[in-house]
Amino acid sequence: MTRNRMLNLSERWFRLLRRLYPPDFRDEMGDAVVEAYMDRACDALKTGGRIRLIALWGGALVDSLRNGAAERARPAALWRRAGNWGRDVEMVRRRLSRSPIFAGTTIGTLTIGLGMFAVVYTAVQKVLIDPMPYKDPGDLYYVWRDYGPITDLKRGSLAGTDILEMQKTNVVIQDAAGLQPLLGGVFALREGADPMEIAVTRTSPNLFDLLGVAPALGRSFAPDEIGQGRDQVMVLTSHFWNRLGADPGIVGKEVRLQGRPFTVIGVLPPDFTFVRDEAAAPPQRVDAYIPLEVNLADTNPKEGRYAGLIRARRGASPGAVAAAVNAVGRVIDARDFNGRGLKLYPAGLKADVISRIRPALVALGAAGLVLVVMLMVNLASVLLARGAQREHEVAVSRALGANTAAIVRSTLLEGGLLGLAGGALGALGALWGARALVALVPLDLPRREAIAIDWRIGAGVIAVGALLGVLAAAAPAVWAARTSLSSLLAGSAVRGGGGQGRWRRGMIVAQVALSLVLLSSGALVMRSFERLLRADPGFRSDGVFTVRVRTPPEFYPRTDDAIAFQDRVQRALDALPSVTGASAASVLPLMATAFTKTTVTVPGAPGNTGDVEGDKLLTDMIGVRAKYIEVMGLRLLAGRTFEEFRQNDKTEAIIDAAIARRFFPEGNAVGANIRLDSDERPFTVIGVVDQARLYDVHADGRPQILVRAELGFRPLYFVMRTTREPHSLLPEVQSAVHRIDPRIPVSDARSMDDIVQASLSPQAIGGAVISAFAVGALLLAAMGLFGVVSGSVTRRRHELAVRLALGADHGRVLRLVLKEGALLVMAGLLIGAPGIYIANRLIHGLLVGVSPSDPFTLLATALGLLLVTMTTCYVPARRALRIEPAQLLRHE
Amino acid sequence: MGVDRNRDIDKLLPLRRIEFHILLSLASGERHGYGIIQDIGARGETSVPDVGTMYRALARMVEAGLIEAADRRLAPDRGDERRNYYRITSAGRRVARAEAQRLELLTRAARLGGLLPKEVK
């Protein structure tokens, strides 16, 4: 072999080795490397002959392998090879601005969808997930009494002695506090100033230490500030302090509560909120705290009057806390209840506070997730359709050498940018949406005030949007990477179809399946809501106006004076124009508490079983004034109602149908004598009514006994039946009461319709949001289906033209096109059906009186979905009929 | 590429052996890659870098602004074929000087520590 031949061979070998380096390095240095090797080869041949040269070949291989691999792995080079992101973003931006309609509708859809998701996510996050704003909130528990076999009360308040007992243990239970709402907080800044009614909670002095909350101004209660015979002190909440004018000098000032002097000693921080549980009273925002007016040791151990709150040792397991509370319960049962089976049990503070709203939020959260998945699938199919339009461009640029990674990258970037924009706009929209939601939800929604978009949630939603966009773009990106010129040319007869058609159809199936799940959930919730609306709560809510009028013992120490005042108020309200009747009660229907309970026994009643304990019936006791049954529209089943004329020595009671059935299975309850554990005197049953439900519109609660409010019930809710719009009565009611006693404020003005609505709000909000999601999902699915079917008509127009030319009638062609859509929808329905069962598990907490697998609702949903989607298919299908075969085929 | 401030120079130190060799060769004039390899061999270095290693180092140093590509021109030592020449930049010169001073300091310390024979003047 000649020297030249050897060198030629060498050069070929070195050029081959050059390929081991990454392309960018090859471009820059490749030739120089080959030249340097050739120089070495010349030298080697000169100094050592062929052997040396062949050794060099081996060395060069090792060298290139090592350095080629190292160069490929260099981070900086990787980054450079990953491309020019700024340029790519610019390209995507230009591409989007060239098709503003596409960009607008896509971002609009994402904005609405992600905005809705953001609002739901906020509510779920703030209410269900975020810790409450106390120190170590996980260690806080409510404690309740379960009377077990003693009475039918599973969630009873504690006696003061129970709380003392828990304070004593001090091993797992570090501290315990008792809380009690004050009924009737009439507040005035000064003697003689305008009175206003506020919500006051009486508490053990250690409440704030127990919660780990320090006042923003002043101090909290000292340990000895409890019981009587001391200066009265008060701590204000921040929002009440703001209502009073946010005067920082208020600490140390004297204010009036119930006409008595109180010194303001502190103001709580703005983020402090404490919602009492509904077992203690209807949950509401507290305006001020005062210490309990009795020492816990002096309370009646038999009588549960306090909500008990404990702090467990840091990190104690719920099991350990339950064991500790149970142990205290056993002591109390043995000491105060002769071991008849009273139990105490703890409930985590947050779990307890949110228990009522939890099912609605869980269902909403799940619906929100389904919606996001739906948006993603929809975006994916839109991007695929768009990719199909760019099929030529992609194939040509690939044929010209554009690398696959760049095409994939720009597709992913397009999806990501769209998602990012949608997420950002959605988060902005949610700022407003969350405010709207807060305005919609009832005042007593636990942690309602916490519902607002903060930067964390905003960032979360934007991230979800971007991720959703990138994921949605994955399918079109993979598809684009596979597009090649040859496949495009081969398929030129079927433009706009090909491989991506199958994917798009798959996505339609997924969308139909998801919308079926959302729609069926929405339909079930709405159907249940509609049942609730039609439920008969036992009273007529329309045209009834209610206000609360306090008669604080400080202003009316004697019961007789209070009754006289109430008489005057009732007469004055009765005399208002357009009022057809006025009365009053100690509690209104659907307020979820009776404030007072009593145990009823009927000696000698036919329904008694002979078991002394078993023949006691725990009932809600409601004090009402004359004409209450008539004004509120209760159904009188037997006997009569309370008369205007009252004999003080006669005690009368009206019982509900449940009590009557229990003690008088044969009827004839009227005239019987019954005993209440709250009163020495026997009561005569004068009537039987269907109960006006206190807790739920759709189901009876605890049995009810109505007695005369004149027994000493205060405050009272005055009710008026009117022919006008109820709220328009308020000014007249206020001035009427003011004329009788200017010290007494009128508060809590609501119509009975308001009260019914408020009690339905979890279902109403849940139903509204889920339905909105469901309709959104249906629209998305219909849009997708429209795109696929119309694309298919375009693609098959030749075939259809031939069929028409050969004499196929229009119906046949129409069926042919519709069949394609119908198959997709049916596949979606089949796949979605199992999803319904999973979804129904999540929403069963929202359903009342409707089975989660109600066949009628589910069938109707499926048929409705089919109808809507087939209508959507019909529009593009009709286009197939307008094909002019002759004209179209002539172009071929 | 700014290797202007002292802090930036410090960040680059110590140089890899091959980088210092490259700067050393270019300090005395423009060279092509293979020429630098030959210089290294001439300096008595036991392991002479291979071509791939050399050109990767050159590429990185161009990126870092320590050297720059001069024009492609005839290489008299290679039978008048054209080769890519490189030249040192002022930043490169500063870095090389800093590295040399660092090495000198170490060498002096090694002498004082008895690792090297005392001053052989």
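Computed from the coordinates by the stated procedures, all read-outs in this text should not be read as laboratory data. Just so it is clear, the structure is predicted and the values come from calculations on it, not from any experiment. All Cβ positions, even for glycine, are placed from backbone atoms using ideal geometry, and neighbour counts span all protein chains on display.
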Based on the alpha-carbon set only, what is the convex hull volume of the stretch A:584-659 divided per residue, in Å³?
129
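How long are the semi-axes of the ellipsoid equivalent to the stretch A:805-888, from square roots of 5 times the Cα gyration tensor eigenvalues, in whole Å, largest first?
On the way: eigenvalues 314, 22, 17 Å².
Result for the stretch A:805-888: semi-axes of 40, 11, 9 Å.
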Semi-axes of the equivalent ellipsoid of the stretch A:621-737: what are they in whole Å, largest first, if each equals the square root of 5 times a C-alpha gyration tensor eigenvalue?
27, 18, 13
Within the stretch A:299-387, which trypsin sites (Lys or Arg not before Pro) sit in a loop by DSSP and count at most 12 neighbouring Cβ atoms inside 10 Å?
A:LYS302, A:ARG314
Would you mind checking the tilt of helix A:499-534 against the longest principal axis of the Cα atoms of chain A, expressed as 0 to 90 degrees and rounded to 10?
10
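Neighbouring Cβ atoms within 10 Å as the yardstick, rank A:GLU666, A:GLU71 fewest first.
Working: A:GLU666 8, A:GLU71 22.
Arranged by neighbour count, lowest to highest, A:GLU666, A:GLU71 become A:GLU666, A:GLU71.
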Can you list residues from other chains, or at least 5 along the same chain, whose modelled amide H is less than 5 Å from the amide H of A:LEU182?
A:VAL200, A:THR201, A:ARG202
Got a sec to turn the phi values of the stretch A:803-819 into Karplus ³J(HN,Hα) couplings, 6.51 cos²θ - 1.76 cosθ + 1.60 with θ = phi - 60°, whole Hz, x for Gly and Pro?
4, 5, 5, 7, x, 5, 7, 4, x, 5, 5, 4, 4, 4, 6, 5, 4
Checking the cross-link filter: which aspartates and glutamates have an alpha carbon closer than 16 Å to that of B:LYS11, excluding same-chain neighbours under 8 positions apart?
B:GLU19, B:GLU63, B:GLU99
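Let's see if you can work this out: charge +1 on each Lys and Arg Cβ, -1 on each Asp and Glu Cβ, no other charges. What is the dipole magnitude of the stretch A:792-885 about its Cα centre, in debye to the nearest 20? Present the calculation step by step, with values, prior to reporting the outcome.
Numbers: 11 positive and 5 negative charges, 80 e Å.
The calculation lands at about 380 debye.
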Taking Rh as the Kirkwood radius computed over alpha-carbon pairs of chain A and applying Stokes-Einstein at 37 °C with viscosity 0.692 mPa s, one gets a diffusion coefficient in µm² s⁻¹ of 97
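Apply the Kirkwood formula to the stretch A:500-545: the hydrodynamic radius equals the inverse of the mean of 1/r over all pairs of different alpha-carbon atoms; give it in Å with one decimal. Before the final figure, lay out each step's value.
Working: mean 1/r = 0.0722 Å⁻¹.
Roughly 13.8 Å, rounded to one decimal.
Structure shown: which of A:LYS135/A:LYS253; A:LYS253/A:LYS350; A:LYS302/A:LYS627; A:LYS126/A:LYS154; A:LYS302/A:LYS343 lie over 23 Å apart, alpha-carbon to alpha-carbon? Provide the component values of the computation, followed by the final result.
Numbers: A:LYS135/A:LYS253 29 Å; A:LYS253/A:LYS350 35 Å; A:LYS302/A:LYS627 35 Å; A:LYS126/A:LYS154 29 Å; A:LYS302/A:LYS343 13 Å.
The answer is A:LYS135/A:LYS253; A:LYS253/A:LYS350; A:LYS302/A:LYS627; A:LYS126/A:LYS154.
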Projecting the Cα atoms of A:MET507, A:ALA199, A:VAL746 onto the charge dipole of chain A, where Lys and Arg contribute +1 and Asp and Glu -1 at Cβ, the residue farthest towards the positive end is A:MET507
Added length on full extension, which subtracts the Cα-Cα distance from 0.36 nm per residue, A:ASP560 to A:ARG95:
159.1 nm
Debye intensity ratio in log₁₀ form over the Cα atoms of the stretch B:40-100, taken at each q of 0.17, 0.20 Å⁻¹:
-0.77, -1.01
Nitroxide proxy distance, nm - points 7 Å out along Cα→Cβ at A:ALA327 and A:LEU711:
4.1
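Working from the pairwise distances between different alpha carbons, so that the mean of 1/r is found and then inverted, what is the stretch A:1-53's Kirkwood radius in Å?
Numbers: mean 1/r = 0.0870 Å⁻¹.
Taking every pair of different Cα atoms in the stretch A:1-53, averaging 1/r and inverting gives 11.5 Å.
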Based only on Cα atoms, what mean projected area does the convex hull of the stretch A:750-878 have, in nm²?
10.2
Could you work out how far apart the two model spin labels at A:ALA405 and A:THR609 are, taking each label as a point 7 Å from the Cα in the direction of the beta carbon, and quote it in nm?
8.0
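Take the Cα radius of gyration of chain B and divide it by 2.2 N^0.38 Å, with N its residue count; two decimals is plenty. Don't jump to the answer; show the numbers that get you there.
Working: Rg = 15.9 Å, N = 121, 2.2 N^0.38 = 13.6 Å.
Here the Cα radius of gyration is 1.17 times the empirical estimate.
Can you give me the Rg/Rh ratio for the stretch A:560-599, using Cα atoms for both radii and the Kirkwood formula for Rh? Numbers along the way, then the final one.
Working: Rg = 13.3 Å, Rh = 12.2 Å.
Taking Rg over the Kirkwood Rh, I get 1.09.
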Averaged over B:42-55, how many beta carbons belonging to a partner chain fall within 10 Å of each residue's beta carbon?
5
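A:PHE642: net charge of surrounding residues, Cβ under 13 Å, Lys/Arg +1, Asp/Glu -1, itself excluded? Display every interim value, and only then the final one.
Values: positive: A:ARG625, A:LYS627, A:ARG640, A:ARG646, A:LYS650, A:ARG708; negative: A:GLU630, A:GLU643, A:GLU644, A:GLU652, A:GLU710.
Result for the neighbourhood of A:PHE642: +1.
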Whole-Hz Karplus ³J(HN,Hα) for the stretch A:737-747, in order, using 6.51 cos²θ - 1.76 cosθ + 1.60 and θ = phi - 60°, x for Gly and Pro?
5, 4, 5, 7, 7, x, 6, 9, x, 9, 9
I'd like the distance between the alpha-carbon centres of the stretch A:833-892 and the stretch A:319-394, rounded to an integer number of Å.
31
Plugging the Cβ-Cβ distance of A:ALA73 and A:TYR837 into 1/(1 + (r/R0)^6) at R0 = 56 Å yields, to the nearest 0.05, a FRET efficiency of 0.65
Along principal axes, largest first, the alpha-carbon spread of the stretch A:89-142 in whole Å comes out as 61, 21, 10
Calculated from backbone phi, Karplus (6.51, -1.76, 1.60) coupling profile of the stretch B:11-16 in Hz, x at Gly/Pro:
5, 7, 8, x, 6, 5
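Indicate the gyration tensor shape class of the stretch A:285-393 (rounded, prolate or oblate), computed on the Cα atoms with a ≥ b ≥ c the square roots of the eigenvalues: a/c under 1.5 is rounded; otherwise a/b larger than b/c is prolate and the rest oblate. Can you show the working numbers first?
Numbers: a/c = 4.57, a/b = 3.23, b/c = 1.41.
Because a/c hits 1.5 or more and a/b exceeds b/c, the stretch A:285-393 counts as prolate.
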Dipole moment magnitude, nearest 20 debye, the stretch A:315-388 about Cα centre, only Lys, Arg, Asp, Glu C-beta charged:
60
Starting from the exponent 0.38 and prefactor 2.2 Å, build the expected Rg for the stretch A:1-153 from its residue count and divide its actual Cα Rg by it.
2.35
May I ask you to list the aspartates and glutamates whose Cα is less than 19 Å away from that of A:LYS819, ignoring any residue fewer than eight positions away on the same chain?
A:GLU799, A:ASP809
Residues whose built amide H sits under 5 Å from the amide H of B:LEU116, excluding neighbours closer than 5 in sequence, are B:ARG111
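Could you tally the net charge around A:ARG3, taking each other residue with its Cβ under 10 Å from the Cβ of A:ARG3, Lys/Arg +1 and Asp/Glu -1? If you can, show how the numbers build up before the last one.
Details: positive: A:ARG5, A:LYS46, A:ARG50; negative: none.
That works out to +3.
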Along the principal axes of its C-alpha atoms, what lengths does the stretch A:158-276 span, in descending order and rounded to whole Å?
47, 27, 24
Take the stretch A:760-817, drop everything but the C-alpha atoms, weight them equally and run the Debye formula without solvent; then report log10 I(q)/I(0) at 0.20, 0.21, 0.29 Å⁻¹ to two decimals.
-0.78, -0.81, -1.06
Percent of Cα-Cα distances greater than 14 Å, calculated over the stretch A:526-573:
68
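In a shell of Cβ-Cβ distance under 12 Å around A:SER520, excluding A:SER520 itself, what net charge do Lys and Arg (+1) and Asp and Glu (-1) give?
Values: positive: A:ARG527; negative: A:ASP854.
Net charge around A:SER520: 0.
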Short to long, in 5 Å steps from zero, the percent of alpha-carbon pairs of the stretch A:561-697 per bin is 2, 9, 17, 22, 21, 16, 8, 4, 2, 1, 0
When the charge dipole of the stretch A:1-157 is computed with +1 at the Cβ of Lys and Arg and -1 at the Cβ of Asp and Glu, the Cα pointing farthest to the positive end, of A:THR122, A:LEU140, A:TRP57, is that of A:TRP57
Among B:GLY65, B:LEU112, B:GLN101, which residue has its Cα furthest toward the positive end of the charge dipole of the stretch B:39-121, with +1 on Lys/Arg Cβ and -1 on Asp/Glu Cβ?
B:LEU112
